[in-house]
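The values are calculated or read from the model by the stated rules, or taken from the named source; none is laboratory data. In this text, all values refer to a predicted model and were calculated from it rather than measured experimentally. Positions of Cβ are generated from backbone atoms using ideal geometry, with glycine treated the same way; all protein chains shown enter the neighbour counts.
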Amino acid sequence: MSKKSSATAEKTAASPAPTTDHAKAPINARLSREEKIELHRKMVRIRRFEERSLRAYQAKKIGGFLHLYIGQEAVATGCCSLMGKHDHVITAYRDHGHAIAVGMDTKPLMAELYGKATGCSKGKGGSMHYFDPSRNFWGGHGIVGGQIPLGTGLAYGIKYQGFKGAAMAFMGDGAVNQGAVHEAYNLAALWKLPVVFVIENNGYSMGTSQARSSAGELAKRAEGYDMPWGQCNGHDVYEVRACMDKYLTLAREKHQPSTVEIDTYRYRGHSVADPDNTYRSKTEIEEYRRTKDPIQVFQQKLVAEGVLDDALIEKIDAEARAEADNAADFAEASPYPTPADIQTDVYWEADNASERKSQGRLFFD
């Protein structure tokens with residue numbers, strides 16, 4: 001992928017030079033040893049949850065689609081680690097990593113994949129529709145690009161209520177070509193809304209490479225709406241945090257919308273029902289895994305810093321595997337929704353009959 005010219009880079013102050021020590025960025029230099037360990041632990045938990053989900057899918061415990069986040073863990077972990085009280089997150093269908101990154105319990109997450117009543121969306125949403133309003137996490141959306149206007153609406157609400165916060169609206173590289181995304185860009189710029197549009201560029205729109213699907217540089221399209229934009233590498237959680245901190249600060253302090261493109265990679269197919277290697281070579285996948293795996297990259301940094309040692313690395317991994325297995329056991333033991341549940345959680349007035357004010361039927365046989 002081509003990079004922007006030096007003049008444009010200076011103008012937009014995008015990602016730092018590759019030689020920058022992102023660990024020394026102020027937002028990272030303030031991290032305690034425990035906070036660094038937690039960043040590593042969260043990425044490992046995401047990886048092991050996804051791997052356990054894959055095994056459950058292969059065992060026919062999970063129906064429908066399953067979009068795994070394996071390889072992209074540093075993006076969600078880095079971005080969500082910067083959230084404050086009035087910051088919000090909304091994302092697309094590859095949402096498991098974001099859900100774990102904001103702090104959701106993995107048991108109802110796995111139960112949701114199984115279609116069980118104990119799932120975070122009561123078994124009605126599945127892989128693409130995780131939600132937790134208590135953590136300012138608004139999904140999980142299956143319509144490509146459909147979450148971006150909603151994320152813009154979240155930013156509108158933050159500004160309208162006078163809060164000092166920001167909305168992070170995540171999308172894949174394929175979604176940038178959707179008209180709704182550009183409509184959202186336009187309104188965010190016109191109304192000066194505190195939103196950061198985050199493009200998780202894993203290089204492929206389903207099975208089509210970015211080179212064949214999208215003209216130009218994706219983040220640079222923000223220039224058409226007078227928005228600042230930036231790029232960074234998504235395999236280094238330090239770099240993700242250093243880059244996103246700048247644009248979240250712009251949103252919180254100046255109600256300035258922006259677009260950030262984070263280059264990352266997924267090891268599996270678009271969904272696990274899709275083949276992994278028909279459009280990508282095995283060599284390509286293994287090269288990224290060998291040189292840029294986000295967990296290994298951060299683990300090596302923390303070992304060099306004296307934060308991690310072999311014993312702690314093994315402990316964190318064992319705990320993450322046990323957590324994922326426990327989540328699967330919880331899902332297995334949980335009940336399915338009943339036939340009567342098909343009419344709940346559809347209309348607010350149906351679930352709160354004593355406060356209903358509309359007339360007529362809500363459901364038809």
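Remarks
- Residue ID - nearest to ASP95 (Cα to Cα), chosen from residues in the range 246-275 that are among the hydrophobic types (A, V, I, L, M, F, W, C) and touching a helix residue (DSSP H, G or I) at 6+ places or on another chain (Cβ under 6 Å): VAL272
- Residue that is nearest to the chain's Cα centre (by Cα) [pool: residues in the range 184-218 that are assigned to a loop (DSSP other than H, G, I, E, B) and closer than 23 Å to ARG94 by Cβ]: ASN202
- Unique residue being buried (at least 18 other Cβ atoms within 10 Å of the Cβ) and either modelled with pLDDT of 95 or more or of a type in the set (Val, Ile, Thr) (or both) when the list is GLU223, GLU239: GLU239
- The listed residues are TYR279, TYR347, TYR265, and the only one of them that is without any contact (Cβ under 8 Å) to a residue 24 or more places away in the chain, more than 16 Å from HIS40 (Cα to Cα), surrounded by 12 or more Cβ atoms within 10 Å (Cβ to Cβ) and aromatic (Phe, Trp, Tyr) turns out to be TYR347.
- Checklist (1) farther than 28 Å from ASP105 by Cα; (2) at pLDDT 95 or above; (3) of a type outside the set (S, T, N, Q) applied to ASP245, failing item: (1)
- Considering THR12, THR8, THR20, the condition of being modelled with pLDDT under 95, surrounded by fewer than 23 Cβ atoms within 10 Å (Cβ to Cβ) and in contact with a strand residue (DSSP E or B) (Cβ under 7 Å, 6 or more places away or on another chain) is satisfied by THR12 alone.
- Of VAL144, VAL181, VAL196, VAL176, all but one fail to be among the β-branched types (Val, Ile, Thr) and surrounded by fewer than 21 Cβ atoms within 10 Å (Cβ to Cβ); the exception is VAL144.
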